[in-house]
Ligand code: MIC
Ligand code: SF4
């Protein structure tokens, strides 16, 4: 594609996003709104979505991975509180080795952190079966989160299809003051644009403020861009990126990349970093953001520091320096888990680990741990302040305790005080860089097809995808409100983490907090419909939020609007997403939807047999997805196309 022109015919520069997709278009078009088939250079899977992704990869019949680098991570349930997870890990280790992927062992850290440290390459594409895959954008990589099936296809060398998003420029100016950090920048952006503001966009960072942000700080911002609903977030690859890669012993991976100075964006958001104050997202949604002054003094029972958002050395070293010679409040529990083993080793090498332990911090091995509700589940009515990225009710492994989100600086000041506190009131701490520890001991290189894949009885292949009936019939089994997250559809944490490879068992937890009778009723009635509200399925890439309903026989989900990854997961699984006026449908209504002429550009009619009404509806599908649905889903379709 040549440089584009504006309405008057003048040449316009290209965005960084446009430059990357032009180099990776394998099918379709690069025009916003059109469908593109993207060539994927690298893939990552993690242990809670990875078992299904690898089972799906096997079901495709490929002999080995074809993407240039594939890494299977063990991070979400690395603590293996149940033996089933250990079984899953053995499967993941052997399946990766067998098919030619690198395996990151338990204790090596969270996929996103390890990936940008050791493998990310500016200008390349990365598809990961985790919604925070865009963390890699901190390095100038186009990193996108997707469901396991899309990742399985990409691992096998297939294209990743998506609607080409628009590009929002986020122009950073100024410089962060003491006590304010990258997390506050993304909380500020979330407050401005909300958890829906990034839907249909890539967020591209530019401006004079860029030079003040290191790669790990940029990665905090791109990580939590996922909470705006954005497809991805991108920082340029500049001198700061080069230095970071050099310190990782990977300077040869450096490629300079940025938008043209005259690039034209669909939207622009100006962010003056000098004016940002410490912020806290209170319980409920990541955009429930308050100024520190509004919430300071709120009692806390727990503080959790780490995760893929704030688990880097800069953050944890600052935490140690703020805590040096002090003690966390007696009334709360303070937990810290580094994002990676590299960070962990650096904290030991520079003495920070000892400082943290002396301060009364509980130092846990690198991994997702508390962030996904594996351990450290808050007590009844408790409030936990966390440096993670999600604070939905139920997220920490319970719906009885609550989560708030902040920077590391605010979390540490609060851990010292026993309540939410302003870090700017504490003496300023200067971050000192130390050498990166380069030790890839827990990153296992593949050995090849001679490796036997070990499977336990908990690993159950999914049932076959079959073409749908011409008319979908059934009753409305559940009606939910706006903003339903994948955690609402299928909670993570202690309830289900060990069942990620067992659909018949995990599907018993679908809508667990919403309505415990739902799975039983769905099975009894042999499926039916779910009615959702706005932004249905926001949040994680958790394919299980589609696979669980598929297992229970759900035929279609009708909502006001859908979140991107979940919508794709529904279609890949064989469930039709339909947008319509859901106010006209109630629980237990009998519906009939004729899909025999399903087309991407044709409306459908939802017949409400109970109310004797007809509701015009839009199937959220592309032309290719119509074919996919007719085949029964992505696996069946990919196999059919390969014949
Ligand atoms: C999350 O943060 O919600 C998770 C757990 O990392 C998920 C993936 C999963 O459900 O395993 C995600 O973000 O995609
Ligand atoms: Fe792990 Fe939490 Fe990051 Fe998800 S958000 S990858 S659970 S650390």
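The values are calculated or read from the model by the stated rules, or taken from the named source; none is laboratory data. Just so you know, these numbers come straight off a predicted model, no measurement behind them. Every residue, glycine as well, gets a Cβ built from its backbone with ideal geometry; the counts of neighbours run over all protein chains shown.
Details
- Taken over the range 532-547, the residue count meeting the criterion of being away from ligand 1 (no atom under 16 Å from the Cβ) and either surrounded by fewer than 24 Cβ atoms within 10 Å (Cβ to Cβ) or touching a residue at least 60 places away in the same chain (Cβ under 8 Å) (or both) is 2.
- Answer from 377, 471, 451, 460 - the residue that is more than 19 Å from residue 224 (Cα to Cα), away from ligand 2 (no atom under 16 Å from the Cβ), in contact with a helix residue (DSSP H, G or I) (Cβ under 9 Å, 6 or more places away or on another chain) and modelled with pLDDT of 95 or more: 451
- Residue in the range 270-287 that is away from ligand 2 (no atom under 16 Å from the Cβ), in contact (Cβ under 8 Å) with a residue 40 or more places away in the chain and on the phi > 0 side of the Ramachandran plot present: yes
- The listed residues are 520, 474, 481, and the only one of them that is under 16 Å from residue 587 (Cβ atoms) and assigned to a helix (DSSP H, G or I) turns out to be 520.
- Residue check for residue 498: closer than 30 Å to residue 330 by Cβ and either touching a residue at least 40 places away in the same chain (Cβ under 8 Å) or surrounded by 14 or more Cβ atoms within 10 Å (Cβ to Cβ) (or both): no
- With respect to the conditions (1) touching a helix residue (DSSP H, G or I) at 6+ places or on another chain (Cβ under 9 Å); (2) more than 30 Å from residue 18 (Cβ to Cβ); (3) more than 16 Å from ligand 1 (Cβ to nearest atom), residue 307 falls short on a single one, namely (3).
- Number of positions in the range 329-341 that are surrounded by fewer than 24 Cβ atoms within 10 Å (Cβ to Cβ) and either touching a helix residue (DSSP H, G or I) at 6+ places or on another chain (Cβ under 7 Å) or more than 15 Å from residue 411 (Cβ to Cβ) (or both): 5
- Of 561, 517, 573, all but one fail to be modelled with pLDDT of 95 or more, closer than 27 Å to residue 466 by Cα and within 16 Å of ligand 1 (Cβ to nearest atom); the exception is 573.
- The lone criterion from (1) surrounded by fewer than 16 Cβ atoms within 10 Å (Cβ to Cβ); (2) in contact with a helix residue (DSSP H, G or I) (Cβ under 8 Å, 6 or more places away or on another chain); (3) farther than 29 Å from residue 116 by Cβ left unmet by residue 422 is number (1).
- Residue within the range 429-451 that is touching a residue at least 12 places away in the same chain (Cβ under 8 Å) and closer than 28 Å to residue 632 by Cα present: no
- Sub-8 Å Cβ pairs linking a first residue in the range 62-78 that is farther than 18 Å from residue 136 by Cβ to a second residue that is in a strand (DSSP E or B) and away from ligand 1 (no atom under 16 Å from the Cβ), at least 6 apart or interchain, are 74/103, ordered by first then second residue.
- The range 392-419 - residue that is within 16 Å of ligand 2 (Cβ to nearest atom) and closer than 21 Å to residue 331 by Cβ and, of those, surrounded by the fewest Cβ atoms within 10 Å (Cβ to Cβ): 398
- Enumeration of residues in the range 418-456 that are in contact with a strand residue (DSSP E or B) (Cβ under 9 Å, 6 or more places away or on another chain) and farther than 18 Å from residue 105 by Cβ: 418, 419, 420
- Residue within the range 94-105 that is within 11 Å of residue 44 (Cβ to Cβ) and within 14 Å of ligand 2 (Cβ to nearest atom) present: yes
- Positions within the range 270-300 being assigned to a strand (DSSP E or B) and crowded, with 16+ Cβ neighbours inside 10 Å, in sequence order: 271, 279, 280, 281, 289, 290
- Close pairs from the range 358-369: first at positive phi and in a loop (DSSP other than H, G, I, E, B), partner away from ligand 1 (no atom under 16 Å from the Cβ) and at pLDDT below 95, Cβ under 9 Å, at least 6 apart: none
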